[in-house]
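Visitor: I'd like to ask some things about the structure below.
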Amino acid sequence: MSYDRALTIFSPDGHLFQVEYAQEAVRKGTCAVGICGTDSVILGVEKKAALKLQDSRTMRKIHRLDDNIFIASAGLVADARVLVDMARVECQNHRLTVEDAPSVEFITHYIAAVQQRYTQSGGRRPFGISTLIVGFDPDNSPKLFQTDPSGIYYEWKANSIGRNSQTVREFLEKHYTEDIAEADAIKLAVKSLLEVVQTGAKNIEILVITKDGHRTPDIGEIESVIKVIEAEKAEEAEKKASKRSSS
Amino acid sequence: MEAQFAIAGKDFVVSVTDTSVVHSIVKMKKNQDKTWQLSPLALMSVSGEPGDTSNFSEYIQGNVKLYSVRNSQDLSPSESATFLRGELARALRSRKPYQVNILVAGYDKNSGEASLYWIDYLAAMAKVPYAAHGYCSYFLYSVMDREYTPDITLEKALDIVKKCFEVLKSRFLIDFPEFTIKVIDKDGTRQLAQADL
């Protein structure tokens, strides 16, 4: 008997195949990276190249959920649209019932609960997306959370999802430092994305969130960050070369 | 016995409400803000049945906010007023109608014009240059009818507001110690103190 057809069936060795296949779909999506600093949170995404006749403004990968909470996803874009809308309604619901802004964990928990529900009931397929949820809590602490198709969620200091996310995550593990400042966090986000995005600034989008608001650096700012990164790389290469020649 | 009125010019609106919350013969609160911000450029002042006022307003405010988040664009004042009126009308012939009187004041970024909508508890709506709800309207319309001109400036409008305070003080049964005065224009919403007039 094939154990990967109906959703609500375990395989004999304890797998939910549909969930694992959904995680495969996530691995095909474009990369997104999140970095949590002391007073800022950075979201970086790999932008899919727009086809010639396409209006690239309608290809949003980062969505706003509430005043200071944002979400980026990797995987099936249409599934993301549905989940993002549910989360937006839940944020307003929270404000209506308790007259306070939701915390990042609250909305993450809600999204994860929805994703889990679709792995256990209703005969539906799971959402084919992992999400990075970033923002500031009402107490002004920066937060980064991740969900995946199985419905788990974890808090991270820095993480990535989508294609080549393993490469990016290893890069982050090597280069992330606690108490990273805003400018360094932006540089780290761009640097880690450059590991997997070949074509440079026009395929990278960054979102910077602080307790006072958010901004999207324009392509000029990203290009200047890339220039700094490349200059540093050249310096490193020169140092290595001179060390080799002298020893 | 609440005071609620507003005056709109070409590119600004002034909204005025009193600040008392009364229960039977007791003044429960004397610094209540009876306006609700729907979006940075639109607000509504609400009076009527206690409970219905906050219930209805919070519901409308939540839905207007949700629209902004979903569409990365605010609902214009006219759209907010029409949506609000629709919800009032829907509730009207249900078991639970809301008893609230509303003035929606705002500045439309796209048309560059300010607008004011008078909506009563029966969900009748009218787009007007100036308006008032409650007993105060019997006194204030006389003042506003006489003084208002369509090309009014903010200074003149605030002058009319002062005249409205004077007639209420001299002829209305209730003495209002404090008012919430808000101005909306292209730069957003700001609050003025009565002393600043």
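The values are calculated or read from the model by the stated rules, or taken from the named source; none is laboratory data. Model, not experiment: these values are computed from the prediction. Cβ placement follows ideal geometry from the backbone for every residue including glycine, while neighbour counts extend to all protein chains displayed. These area figures cover heavy atoms from the full protein model, side chains too; ligands, DNA and RNA do not enter into them. Shrake-Rupley method; radii C 1.70, N 1.55, O 1.52, S 1.80 Å.
Visitor: Which residues, taken from the stretch B:81-118, are hydroxyl-bearing (Ser, Thr, Tyr), in contact with a strand residue (DSSP E or B) (Cβ under 9 Å, 6 or more places away or on another chain) and over 13 Å from residue B:45 (Cβ atoms)?
Guide: Selection gives B:82, B:98, B:107, B:115.
Visitor: Please give the strands (runs of 3 or more DSSP E) falling wholly within the stretch A:10-104 in which 1 or more residues are closer than 20 Å to residue A:118 by Cβ, within 18 Å of the chain's Cα centre (by Cα) and away from chain B (no Cβ under 14 Å).
Guide: Here the list reads A:69-75.
Visitor: Go through (1) surrounded by 16 or more Cβ atoms within 10 Å (Cβ to Cβ); (2) away from chain B (no Cβ under 14 Å); (3) over 14 Å from residue A:145 (Cβ atoms) and name the single condition residue A:115 misses.
Guide: Condition (3) is where residue A:115 drops out.
Visitor: Kindly state which strands (runs of 3 or more DSSP E) lie completely within the stretch A:121-164 and contain at least 2 residues that are out of contact with any Gly (no Cβ under 9 Å at 6 or more places or on another chain). Talk me through it step by step, then tell me what you get.
Guide: Details: elements: A:129-136, A:142-147, A:153-155, A:158-161.
Per the criteria, A:129-136, A:153-155.
Visitor: Another question about this same structure. Return the pairs, sorted by first residue and then second, in which the second residue is open to solvent by less than 90 Å² (accessible area, probe 1.4 Å) and modelled with pLDDT under 90, the first residue lies in the stretch A:216-244 and is under 21 Å from residue A:46 (Cα atoms) and of a type in the set (Val, Ile, Thr), the beta carbons are less than 7 Å apart, and the residues are 6+ apart or on different chains.
Guide: A:219/A:201; A:222/A:201; A:226/A:200; A:226/A:201
Visitor: Which number in (1) closer than 30 Å to residue A:109 by Cβ; (2) modelled with pLDDT under 95 marks the one condition that residue A:161 misses?
Guide: So the condition that residue A:161 fails would be (2).
Visitor: Hey, residue B:115 hits all of (1) assigned to a strand (DSSP E or B); (2) hydroxyl-bearing (Ser, Thr, Tyr); (3) free of Cβ contacts under 8 Å to residues at least 60 places away in the same chain but one; which does it fall short on?
Guide: Condition not satisfied by residue B:115: (3).
Visitor: Output the qualifying pairs, or none if there are none: Cβ atoms under 8 angstrom, residues six or more apart or on different chains, first residue in the stretch A:156-183 and within 21 Å of residue A:22 (Cβ to Cβ), second residue open to solvent by 80 Å² or more (accessible area, probe 1.4 Å).
Guide: Short answer, once both residue conditions are applied: A:162/A:27; A:163/A:27; A:163/A:28; A:164/A:195; A:165/A:27; A:168/A:195.
Conditions tested, residue by residue: (1) open to solvent by less than 70 Å² (accessible area, probe 1.4 Å); (2) at pLDDT 90 or above.
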position	(1), (2)
A:9	yes, no
A:59	yes, no
A:65	yes, yes
A:70	yes, yes
A:100	no, yes
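Visitor: Look through B:43, B:66, B:38 and report the one residue that is in contact with a strand residue (DSSP E or B) (Cβ under 7 Å, 6 or more places away or on another chain), modelled with pLDDT of 95 or more and within 14 Å of another protein chain (Cβ to nearest Cβ).
Guide: On the way: B:43 fails: within 14 Å of another protein chain (Cβ to nearest Cβ); B:66 fails: in contact with a strand residue (DSSP E or B) (Cβ under 7 Å, 6 or more places away or on another chain).
Checking each option against the conditions leaves just B:38.
Visitor: Only one residue in A:206, A:186 is part of a helix (DSSP H, G or I) and of a type in the set (Val, Ile, Thr), so which one is that?
Guide: A:186
Visitor: Right, something else. Going residue by residue through the stretch A:211-227, is there one that turns out to be outside any helix (DSSP H, G or I) and in contact with a Pro (Cβ under 9 Å, 6 or more places away or on another chain)?
Guide: Scanning the stretch A:211-227 turns up at least one residue that is outside any helix (DSSP H, G or I) and in contact with a Pro (Cβ under 9 Å, 6 or more places away or on another chain).
Visitor: Within the stretch A:140-169, count every residue that is out of contact with any Phe, Trp or Tyr (no Cβ under 9 Å at 6 or more places or on another chain) and closer than 24 Å to residue A:231 by Cβ.
Guide: 2
Visitor: Moving on. Could you say which residue among B:77, B:97 is more than 15 Å from the chain's Cα centre (by Cα) and more than 14 Å from every other protein chain (Cβ to nearest Cβ)? Full working, then the answer.
Guide: Values: B:77 fails: more than 15 Å from the chain's Cα centre (by Cα).
Residue meeting the stated conditions: B:97.
Visitor: A further question follows. Could you please find all residues in the stretch B:96-123 being open to solvent by 40 Å² or more (accessible area, probe 1.4 Å), within 26 Å of residue B:172 (Cα to Cα) and in contact with a helix residue (DSSP H, G or I) (Cβ under 8 Å, 6 or more places away or on another chain)?
Guide: Of everything in the stretch B:96-123, those that are open to solvent by 40 Å² or more (accessible area, probe 1.4 Å), within 26 Å of residue B:172 (Cα to Cα) and in contact with a helix residue (DSSP H, G or I) (Cβ under 8 Å, 6 or more places away or on another chain) turn out to be B:99, B:121, B:122.
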